[in-house]
Amino acid sequence: MTIAIGETVPSATFRYVPYDPELDSLDVCTSPTTYSTDQWAGKKVLVVAAPGAFTGTCHQDHIPPFVANYDQFKAKGVDIVAVLTANDAWVMNAWGKTLGFKDRIIGLSDPGAEWSKQLGYGKDLSGVGMGWRTGRWYILLDDLKVVATEGETK
């Protein structure tokens, strides 16, 4: 069952590599740290999920419009924009550098799509060699409660 409007998202701790302008090159990276949904309390948050970083549709068509429209999201009161995949934190960091997340968008790793499964958006792509993935969906939160959400069902 997919999480519904008005429900509170389950707590989760993700891995991510914080943005550092001194490490903006694809040739360098620092160690990942943790990032908790607890940090979203009292904030408006847009989380956009993709099945995989650097995959054709996700890389070329799905995530770039969210990066391009970041200022519009902020103007509408969104405090945090995050992109989530089941890829590891280093891959998310490299993908963020490639797509220009910088210090504006947080690239979060949801290993094994565990949080996505709790939301009802996990996707088993083992049949095509990708294992459990986050699927393609978004969720808009206000103080950890779902305001809007939509995702692919197949």
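Assorted remarks:
- Inside region 133-148, residues that are farther than 15 Å from D79 by Cα, modelled with pLDDT of 95 or more and either charged (D, E, K, R) or open to solvent by 30 Å² or more (accessible area, probe 1.4 Å) (or both) make up a count of 1.
- Residue within region 61-71 that is open to solvent by less than 30 Å² (accessible area, probe 1.4 Å), of a type in the set (A, V, I, L, M, F, W, C) and either at pLDDT 95 or above or within 21 Å of V9 (Cα to Cα) (or both) present: no
- Single residue of region 105-132 satisfying the filter (without any contact (Cβ under 8 Å) to a residue 24 or more places away in the chain and among the small types (G, A, S)) that is least open to solvent (accessible area, probe 1.4 Å): G122
- Residue satisfying all of: in region 79-94; open to solvent by 10 Å² or more (accessible area, probe 1.4 Å) and not in a loop (DSSP other than H, G, I, E, B); farthest from P51 (Cα to Cα) among these: I80
- The residues on offer are Y35, Y19, and the sole one that is buried (at least 16 other Cβ atoms within 10 Å of the Cβ), modelled with pLDDT of 95 or more and not aliphatic (A, V, I, L, M) is Y35.
- Just so you know, in region 35-55 the residues that are among the hydrophobic types (A, V, I, L, M, F, W, C) and outside any strand (DSSP E or B) include one that is nearest to T134 (Cα to Cα), and it is A50.
The values are calculated or read from the model by the stated rules, or taken from the named source; none is laboratory data. This is a predicted model, so every value here is computed, not measured. Note that we place each Cβ from the backbone using ideal geometry, even for glycine, and neighbour counts take in every protein chain shown. Accessible surface is based on the protein model in full, side chains and every heavy atom, while ligands, DNA and RNA are left aside. Shrake-Rupley method; radii C 1.70, N 1.55, O 1.52, S 1.80 Å.
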